[in-house]
1. Compute the relative contact order of the chain as a whole-number percentage, counting only Cα pairs closer than 8 Å that sit 6 or more residues apart in sequence.
2. Using modelled amide H (1.01 Å from N, peptide plane; none on Pro or chain starts), what sits under 5 Å from the amide H of Leu145, excluding residues fewer than 5 places away?
3. Using the Cα atoms of the stretch 69-134 to build a convex hull, what is its mean projected area in square nanometres?
4. State the extension gain, in nm to one decimal, for the chain segment bounded by Asp133 and Asp150, taking 0.36 nm per residue of separation less the distance between their alpha-carbons.
5. With a cap of 10 neighbouring Cβ atoms within 10 Å, and only residues DSSP puts in a loop, list the GluC sites (Glu not before Pro) found in the stretch 2-96.
6. Starting from a Cα-only point model with no solvent, please compute log10 I(q)/I(0) by Debye for the chain at q = 0.12, 0.18 1/Å.
7. Arranged by the count of other C-beta atoms within 10 angstrom, fewest first, what order do Met1, Met34 take?
8. Out of the trypsin sites (Lys or Arg not before Pro) in the stretch 70-160, which ones are loop residues according to DSSP with at most 13 other C-beta atoms within 10 Å?
Amino acid sequence: MKITIFPGSFDPFTIGHESIVRRALPLFDKIVIMIGYNANKKSFFSIEKRLKWINQIFDKEEKIEVRVHEGLTVDFCKEVNAKYILRGLRTSSDFEYERAIAQVNKKMHPEIETFFLLTLPEHTPINATIIRDIVFHGGDASMFLPAGLDPKEFKPDEKN
Ligand code: ADP
């Protein structure tokens, strides 16, 4: 079984993330989307909402599983028996950041390969920080969010 994980904070999950996952589907038998959780870091959207939204987006995809993980990504790979880590690349700054993590991971865990897919050109400027800003100020971010989600649910939580 060729299993990859797709780790991220997904705060929130955007059409850019969705596109990377759908394009990677033919390459793997299973994709485990890992929502990284850090108890010491405050997120904008609660972990419950993020989990629900991603499950909703891939409801009909049997090859996709969504999980929450706190700790090192490579430890999660071992837990779900994944030999691959999938990441998306938008810009050269993404590349530099990702290169360092992937090379350190490779040094420590040579059995795990990191894979990169370049974003579609139209998704390059989409990033979760800008979407959070739009939502925070009461704007409509729905054009950047996967289809089928309720835009009314995209409002800041009082407490995460
Ligand atoms: P992290 O905080 O770990 O970078 P993100 O949720 O921001 O997590 O992103 C998860 C992955 O999705 C990363 O590999 C990131 O480069 C990629 N990604 C983020 N936004 C886009 C986008 N618009 N198009 C393609 N890939 C993206």
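Laboratory data are not the source of any read-out in this text; all were calculated from the coordinates shown. Everything numeric in this text was worked out from a predicted model, so none of it was measured. So basically every Cβ, Gly included, is an ideal-geometry build from the backbone, and we count neighbours across all protein chains shown.
1. On the way: 230 pairs, mean separation 50.8, N = 160.
Reported relative contact order: 32 percent.
2. HN-HN under 5 Å from Leu145: Ile15.
3. Values: hull surface 21.9 nm².
For the stretch 69-134, averaging the hull's shadow over all directions gives 5.5 nm².
4. Details: separation 17, 0.36 × 17 = 6.12 nm, distance 1.81 nm.
Going from the current span to full extension adds 4.3 nm.
5. Values: sites: Glu18, Glu48, Glu61, Glu62, Glu65, Glu70, Glu79, Glu96; in loops: Glu61, Glu62, Glu70.
Of the GluC sites (Glu not before Pro), the ones in loops of the stretch 2-96 whose Cβ has at most 10 other Cβ atoms within 10 Å are Glu62.
6. One equal scatterer on each Cα of the chain leads to -0.52, -1.21.
7. Values: Met1 8, Met34 23.
Neighbour counts put them in this order, fewest first: Met1, Met34.
8. Working: sites: Lys78, Lys83, Arg87, Arg90, Arg99, Lys106, Lys107, Arg132, Lys152, Lys159; in loops: Lys83, Arg90, Lys159.
In loop regions of the stretch 70-160 (DSSP not H, G, I, E or B), the sparsely surrounded trypsin sites (Lys or Arg not before Pro) are Lys159.
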